[in-house]
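Single-structure report; data block below.
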Amino acid sequence: MTIPRFLFSAAFVLASAAAHALDFKTIGAPSVILYDAPSVKGGKLFIALRGMPVEVVLTYGEWVRVRDANGDLAWAEAKSLSARRNVVVRTANAKVRGGADSDASLLMTADKGVLLELIDAQTSSWIKVKHRDGITGYIRATDVWGI
């Protein structure tokens with residue numbers, strides 16, 4: 001492969017990845033094996049549980065390359081993902097409040113790693129979320145991963 005073709009190919013791959021950079025999904029099946037290649041014959045990296053948010057980086061046929069909250073990349077079958085959106089708390093003692101304001105009433109404190117359902121996907125400094133216990137409120141967008 002010549003240098004110009006290589007550079008063109010690399011630019012195309014990077015542009016494709018950037019086009020999907022904010023495409024988040026959630027693991028929809030009870031558990032999903034994540035692979036190091038887009039094939040069930042690939043090496044098994046780890047098991048993702050239902051509800052885990054992932055960023056879709058690349059689509060290749062029936063497979064998607066995903067990034068998790070730790071930044072790890074893996075391949076998953078596209079059919080195992082759900083359009084339902086969850087976020088994961090990435091800071092200790094994140095505050096969920098009754099309104100989109102730091103002076104609003106405190107509804108709960110979420111520990112690092114807690115999954116919250118994303119109710120309103122519009123990105124601003126606060127997002128609306130719901131805890132599995134039914135508590136619905138607002139959390140700072142910087143305190144979660146998956147938006």
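The values are calculated or read from the model by the stated rules, or taken from the named source; none is laboratory data. This is a predicted model, so every value here is computed, not measured. Glycine also receives a Cβ, built like all others from the backbone with ideal geometry; neighbour counts cover every protein chain displayed. Remember, those area values only see protein heavy atoms, side chains included, never the ligands or the DNA or RNA. Shrake-Rupley method; radii C 1.70, N 1.55, O 1.52, S 1.80 Å.
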Among residues of the range 103-125, those that are in contact (Cβ under 8 Å) with a residue 24 or more places away in the chain, more than 15 Å from the chain's Cα centre (by Cα) and surrounded by fewer than 13 Cβ atoms within 10 Å (Cβ to Cβ), counted: 2
Filter pass, F46 being under 20 Å from L116 (Cβ atoms) and either modelled with pLDDT of 95 or more or out of contact with any helix residue (DSSP H, G or I) (no Cβ under 8 Å at 6 or more places or on another chain) (or both): no
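Rundown of residues vs (1) within 15 Å of the chain's Cα centre (by Cα); (2) polar (S, T, N, Q); (3) modelled with pLDDT of 95 or more, yes/no style:
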residue	(1), (2), (3)
A10	no, no, no
A15	no, no, no
T26	yes, yes, yes
V40	no, no, yes
M52	yes, no, yes
G71	yes, no, yes
K79	no, no, yes
R84	yes, no, no
Conditions (1) under 16 Å from the mean Cα position of the chain (by Cα); (2) closer than 16 Å to I147 by Cβ; (3) open to solvent by less than 30 Å² (accessible area, probe 1.4 Å): number failed by R90: (3)
Flag if A76 is touching a residue at least 12 places away in the same chain (Cβ under 8 Å), within 18 Å of R140 (Cβ to Cβ) and either open to solvent by less than 70 Å² (accessible area, probe 1.4 Å) or among the aromatic types (F, W, Y) (or both): no
Strands (runs of 3 or more DSSP E) lying entirely in the range 68-135 (those with 1 or more residues that are of a type in the set (K, R)): 94-97, 126-130
Any hit, the range 46-65, residues being in a strand (DSSP E or B), of a type in the set (G, A, S) and touching a His at 6+ places or on another chain (Cβ under 9 Å): no
Qualifying positions in the range 93-102 - at pLDDT 95 or above and surrounded by 15 or more Cβ atoms within 10 Å (Cβ to Cβ): A94, K95, V96, R97
